[in-house]
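Undergrad: I am attaching a structure below and will ask some questions about it afterwards.
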Amino acid sequence: MNTAPAVILFAHGARDPRWAEPVLALAQRLRQALPEAYVQPAFLEFLSPSLPEAVEAALARGHRRVALVPVFIAVGGHLREDLPQLLACVRSAHPDVSIEVLPALGEAEAVRRAMADTVLEWIAEGA
């Protein structure tokens, strides 16, 4: 058993696979910072892997703890309704796995600050 948590970056997904590039870049940064952890994006729709598939992959690597990071700017219907339904299915199939759902990434003050700073920088540059 691997005692390091798996980190699953749960994002919406889109028909255009290029949409996932920022999520994949975030995953790569986290892999570099957490080499002992399994870091994997998972998508609600259109792209793969799905959340259940990402959890299965973590289990196959011996992880029994999952830190699930919603890569959403805010909590809306997908996090209030869809995610709990998906988690219920995953937890039912794997009751021995601990899944901790972290806050939506966009609700972190540091993320909000970074977004505001970026907008201000773009405006200052005349974008």
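Throughout, read-outs are computed from the coordinates displayed, never taken from laboratory work. Keep in mind that what you see is a predicted model, and the values were worked out from it rather than measured. We place every Cβ from the backbone using ideal geometry, glycine too, and count neighbours over all the protein chains shown.
Undergrad: Quote the convex hull volume per residue of the stretch 44-95, based on C-alpha atoms, as a whole number of Å³.
TA: It is 86 Å³ per residue.
Undergrad: Given H placed 1.01 Å from N in the peptide plane, which residues other than close sequence neighbours of S50 have an amide H under 5 Å from its amide H?
TA: F43
Undergrad: Further question: Which whole-number percent gives the relative contact order of the chain, counting Cα pairs below 8 Å spaced six or more residues apart?
TA: 27 percent
Undergrad: Could you compute the net charge surrounding G13? Neighbours are other residues with a C-beta less than 13 Å from the C-beta of G13; K and R count +1, D and E count -1.
TA: -3
Undergrad: A further question follows. With a 10 Å radius around each residue's Cβ, average the other Cβ atoms per peptide and rank 114-126, 88-100, 10-22, highest first.
TA: Ranking, from highest mean packing down: 10-22, 88-100, 114-126.
Undergrad: Using only the Cα atoms, work out Rg/Rh for the chain, with Rh taken as the Kirkwood radius, to two decimals.
TA: With Rg and the Kirkwood Rh in hand, the quotient comes to 1.01.
Undergrad: Give the calculated FRET efficiency between L30 and D82 to the nearest 0.05, with a Förster radius of 22 Å applied to their Cβ-Cβ distance.
TA: In this case the efficiency is close to 0.40.
Undergrad: A follow-up question, please. Give me the number: length gained by fully extending E53 to E109, i.e. 0.36 nm times residue separation minus the C-alpha to C-alpha distance, one decimal in nm.
TA: Full extension of this stretch gives 17.1 nm more.
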